[in-house]
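One structure is given here, and the rest of the page talks about it.
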Amino acid sequence: MSAPAAIETRALSKRYGGFVAVDGLDLRIDEGTVFGLLGPNGSGKTTTILMLMGLTEVTSGSVRVLGLDPVRQPLEVKRAVGYMPDAVGFYDDLTARENLRYSGKLAGLRGEPLERRIDAALSRARLVREADRPVRTFSRGMRQRLGLADVLLKAPRIAILDEPTSGLDPQSTHEFLDMIRDLKAEGLTVLLSSHLLDRVQAVCDRVGLFHRGRMVLEGSVDELARRVLGGGYRITVEARGADGDDRGGLAAALHAIAGVNRVERSPEGALRLHADRDVRPEVATAVARAGAALLGLGMAAPSLDDVYTEYFREVRHAA
Amino acid sequence: MRREGSPWTGAWTVVAKETADHLTSVRLRFLEGLILLAAGGAVYAAIGRIRDTVGRDPFLFLSLFTVAREPLPSFVVFLGFLVPLVSIALGFDAVNSEHSRRTLSRLLAQPIYRDALLIGKFLAGLVTLAVAFLTLWLLVIGLGLLLVGVPPGGEEVLRGFAFLVVTVAYGGVWLALAMLFSVLFRQQATAALASLAVWLLFAVFWSMLAPLVAEAIGPAQPTPLAAVERSEIQQAFARLSPNVLFGEATLALLNPATRALGPVFFSQLEGALIGSPLPFAESLLLIWPQVTGLVAAVIVTFTIAYVLFQRQEIRA
């Protein structure tokens, strides 16, 4: 790892009274990467973010953001880091532009440069037409985009987005993730937290899986899939038997193919194969030989959802 | 552990934004209308009575503020009652509304300290109060000029201005208290009710409680000295109320003949010209403890709010 770390924590812990919110977190995020903090609600993601911003006190351990200590140099850190909180709020009576102007002034910007930055941030967040409307008329998706404009306004080196896509419809989510990709293309470091895994997986270089204040898994999505799912291939077969519903026989035939470990039937009636290698050609032959009609044959990329479900199944079994 | 950077970073931006919010808010318009009606009525009624004494009273203008005609109370009494209301209206949702609008964490993610937010909001409230009272003060003086037709003297202007300053300090106490409750309670309604409860306690019940307390803890003997001691206890207790401090301070300022604010022995009045006015500096000296008390109350209340706010977790 030659690139300098944008964010680094060592044994970072936070306790609220007797409750341990974050427990000995070691995290390193390289500059220019998109990192996803994933985990169920209440697993310590937001607390971690607040400690990175210097917005809540650290119980023990150390944090460095761009080499700065958020406890002692919070202003420096906050100048370089943009933060969009979970369910971000604005002053409803002010327009989008006025809301941004207030943030910008608090960040120390003034006059013409501030107005230029506001225009740029609004156009990046695709809010140019709505710029002079009061925020009270905004939809959830527009508020979220205004939140992103608020982050971009101070031209940060790191953008921290807490649950940026929660409560958004699929279209808005898609747009939002596109904007995050743009940020990465410009070299920003992005840290985002989410409990919606499949949507986030598409933009993250690396992810960290949180569970009860600990980061239990960390790596790229592929790495995690190999580690947790055993690196298998998942193949879905949709077939209609020649004589109606003879799929039991087909399942047996598929199981006989070398490299297939398990055959399951999905609730929709398709067959799911767990295999060590790509066995699609053999599956096609087997279906034809069994006299069934092949309707669909696909291989799913390993998804974070699977990793997540599988991991917590193991945790529960171990407990 | 020292933090770097000034706590004032961004404070003036907050002051500007909050002041603009206050001055354009419907809430303040409404209260200003109420005060204008009440105060206008009181002053107009006072002018009716003053007309009879023109030429005899050397402090004609000051009596605009203090003279009452049944059934209306005087301007000063109205203010003592309404200033807390305005201050509470400006402060009760200062911090908790940022929580409920979910703007707090976004604001504090800007390169400012929490200090800037709280100080900024407090100063904005004070500025708003000062603007509102200055306007009212000028209106009263204008009304007096029009209807009485005599310009105020130099000392009257000085005393009137000191009265204005004391009024703003008195408003500051209630503003700080309302902001304290806005930090303490997440629900805006709870903060507003708690502030109003304290206001009611001081405005209505405190003067009833004071004699009871004096009777309970003072000496019970039926001697004159014991009576003096009881009355001193009663006064000391009463002076814990900002309303009483405001009342005493304005009394001495607007009524130059006031020579003492507590019980006075006849022997102390030997050689005094009863009814003759005190010079401005002497009146100021007389109310110095009251003014100091008001300012101290502002500082103590604000400090408590400040400490609580610094320790508060900002997440909902």
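The values are calculated or read from the model by the stated rules, or taken from the named source; none is laboratory data. Just so you know, these numbers come straight off a predicted model, no measurement behind them. Cβ coordinates were reconstructed from backbone atoms using ideal geometry, including for glycine residues, and neighbour counts include every protein chain displayed. SASA here: full protein model, heavy atoms, side chains in, ligands and nucleic acids out. Shrake-Rupley method; radii C 1.70, N 1.55, O 1.52, S 1.80 Å.
Placing a label point 7 Å from the Cα of B:Thr135 along the Cα-to-Cβ line, the residues of the range B:72-110 whose backbone N sits under 15 Å from it are B:86-87, B:90. Just so you know, the averaged projected area of the alpha carbon convex hull for the range B:1-109 sits at 11.2 nm². Spacing of the modelled spin labels on B:Thr303 and A:Leu196, each 7 Å from Cα toward Cβ, amounts to 5.0 nm.
For B:Ile88, the solvent-accessible surface with a 1.4 Å probe is about 10 Å², rounded to the nearest 10. Ligands, DNA and RNA left out, the 1.4 Å accessible surface of the range B:11-311 is 71% carbon and sulfur atoms.
Applying 1/(1 + (r/R0)^6) with r as the Cβ-Cβ distance of A:Arg262 and A:Arg140 and R0 = 51 angstrom yields a FRET efficiency of 0.80.
Show me the three semi-axes of the equivalent ellipsoid for chain A, from the C-alpha gyration tensor (sqrt of 5 times each eigenvalue), largest first, rounded to whole Å. Show your work: numbers first, answer last.
Values: eigenvalues 398, 122, 51 Å².
Largest first, chain A gives 45, 25, 16 Å.
Protein chains only, probe 1.4 Å: how do A:Asp276, A:Asp30 rank by accessible area, largest first? Please report the intermediate quantities before stating the final value.
Details: A:Asp276 95, A:Asp30 35 Å².
Solvent-accessible surface, decreasing: A:Asp276, A:Asp30.
Per-residue Cβ counts within 10 Å, from other chains only, averaged over B:99-106: what number is that? All intermediate terms of the calculation are to be shown ahead of the outcome.
On the way: counts 1, 1, 4, 7, 9, 3, 14, 12.
Shielding by partners across B:99-106 averages 6.
Taking Cβ atoms as reference points and 13 Å as the exclusive limit, the residues near A:Ser172 contribute a net charge of +2, counting Lys and Arg as +1 and Asp and Glu as -1.
Bridge orientation summary for chain A: considering DSSP beta bridges with both residues in this region, about 70 percent are antiparallel.
In this label model, A:Ser62 and A:Ala284 are separated by 5.8 nm, measuring between points 7 Å along each Cα→Cβ vector.
For chain A, what is the accessible area per residue in Å² when the probe is 1.4 Å?
Values: 14270 Å² over 319 residues.
Computed with neighbouring chains in place, this is 45 Å² per residue.
Entry note: the protein assembly as shown has Rg to Rh equal to 1.18, where both radii use alpha-carbon atoms and Rh is the Kirkwood radius. Using a cutoff of 8 angstrom between alpha carbon atoms and counting only pairs six or more residues apart, the relative contact order for the range B:126-196 works out to 33 percent.
Please compute the net charge surrounding A:Leu122, taking Lys and Arg as +1 and Asp and Glu as -1 over other residues with Cβ under 13 Å from its Cβ.
Details: positive: A:Arg97, A:Arg101, A:Arg116, A:Arg117, A:Arg124, A:Arg126, A:Arg129, A:Arg133, A:Arg145; negative: A:Glu98, A:Glu115, A:Asp119, A:Glu130, A:Asp132, A:Asp150.
Local net charge: +3.
With a 10 Å cut-off around each Cβ of A:105-113, the average count of Cβ atoms from other chains is 4.
Hand me the trypsin sites (Lys or Arg not before Pro) from the range A:109-157 located in a DSSP loop with no more than 13 other Cβ atoms within 10 Å, in residue order please.
A:Arg110, A:Arg129
Model label sites at A:Arg157 and B:Gln187, defined 7 Å from Cα along the beta-carbon direction, differ in position by 4.6 nm. A helix-only calculation puts the protein assembly as shown at -17500 deg cm²/dmol for mean residue ellipticity at 222 nm, using -39500 (n - 2.57) for each DSSP H run of at least four residues, averaged over all residues.
Among A:Met142, A:Met84, the order of accessible area from largest down is A:Met142, A:Met84, computed with a 1.4 Å probe on protein heavy atoms. Spatially, the range A:80-136 and the range A:172-221 are offset by 24 Å when compared through their Cα centroids.
The relative contact order of chain A comes to 19 percent, based on Cα pairs under 8 Å that sit 6 or more residues apart.
Given a Förster distance of 45 angstrom, what is the FRET efficiency for B:Ser25 paired with B:Arg51, based on the Cβ-Cβ distance and rounded to 0.05? Walk me through the numbers on the way to the answer.
On the way: r = 38 Å, r/R0 = 0.85.
E between B:Ser25 and B:Arg51, to the nearest 0.05, is 0.75.
Please work out the FRET efficiency for the pair A:Arg116 and A:Arg28, using the Cβ-Cβ distance as r and a Förster radius of 41 Å; give the result to the nearest 0.05. That pair, A:Arg116 with A:Arg28, gives E of 0.70. As a ratio to 2.2 N^0.38 Å, the alpha-carbon radius of gyration for the range B:11-311 is 1.10.
Listed peptides B:293-306, B:22-35 appear in the order B:293-306, B:22-35 once ranked by packing, highest mean of other Cβ atoms within 10 Å at the front. In the range B:1-48, the residues whose accessible area drops by at least 50 square angstrom when the other protein chains are added to the isolated chain are B:Met1, B:Glu4, B:Thr13, B:Lys17; the probe is 1.4 Å and only protein heavy atoms count.
Per residue of B:109-119, count partner chain C-beta atoms within 10 Å of its C-beta, then hand back the mean as an integer.
Values: counts 21, 15, 12, 6, 4, 2, 0, 1, 1, 0, 0.
If you average over the peptide's residues, the count of other-chain Cβ atoms is 6.
Remark: relative contact order (the range B:11-311) = 22 percent; criterion is Cα-Cα distance under 8 angstrom and separation of 6 or more residues.
At a 1.4 Å probe radius, which order do B:Trp288, B:Trp174 fall into by accessible area, largest first?
Order by accessible area, largest first: B:Trp288, B:Trp174.
Grab the other residues whose beta carbon is less than 12 angstrom from that of B:Leu123, score K and R as +1, D and E as -1, and report the net. Mind showing how you got there, number by number?
Numbers: positive: B:Lys17, B:Lys121; negative: B:Glu18, B:Asp115.
Charge balance in the 12 Å sphere: 0.
Within the listed set A:Leu271, A:Leu295, A:Leu224, the residue fluctuating most in the Gaussian network model of chain A (springs between alpha-carbon atoms under 10 angstrom) is A:Leu295.
Post the alpha-carbon centroid distance, the range B:237-316 to the range A:1-63, in whole angstrom. Taking the Cα centre of each part, the range B:237-316 and the range A:1-63 sit 52 Å apart. Just to be sure I understand: with springs between alpha-carbon atoms less than 10 Å apart, which residue in A:Val283, A:Val203, A:Val190 has the highest mean-square fluctuation in the Gaussian network model of chain A? Comparing A:Val283, A:Val203, A:Val190 in a Gaussian network model of chain A, the most mobile one is A:Val283. Applying a threshold of 26 Å to the alpha-carbon distances of A:Lys154/A:Lys184; A:Lys105/B:Lys121; A:Lys45/A:Lys184; A:Lys45/B:Lys17 flags A:Lys45/B:Lys17 as lying beyond it. Put simply, chains A and B cover up around 2800 Å² of each other's accessible surface, both sides summed, when a 1.4 Å probe is used. Comparing A:Gly187, A:Gly291, A:Gly104 in a Gaussian network model of chain A, where Cα atoms under 10 Å apart are tied by springs, the biggest mean-square fluctuation is seen for A:Gly291.
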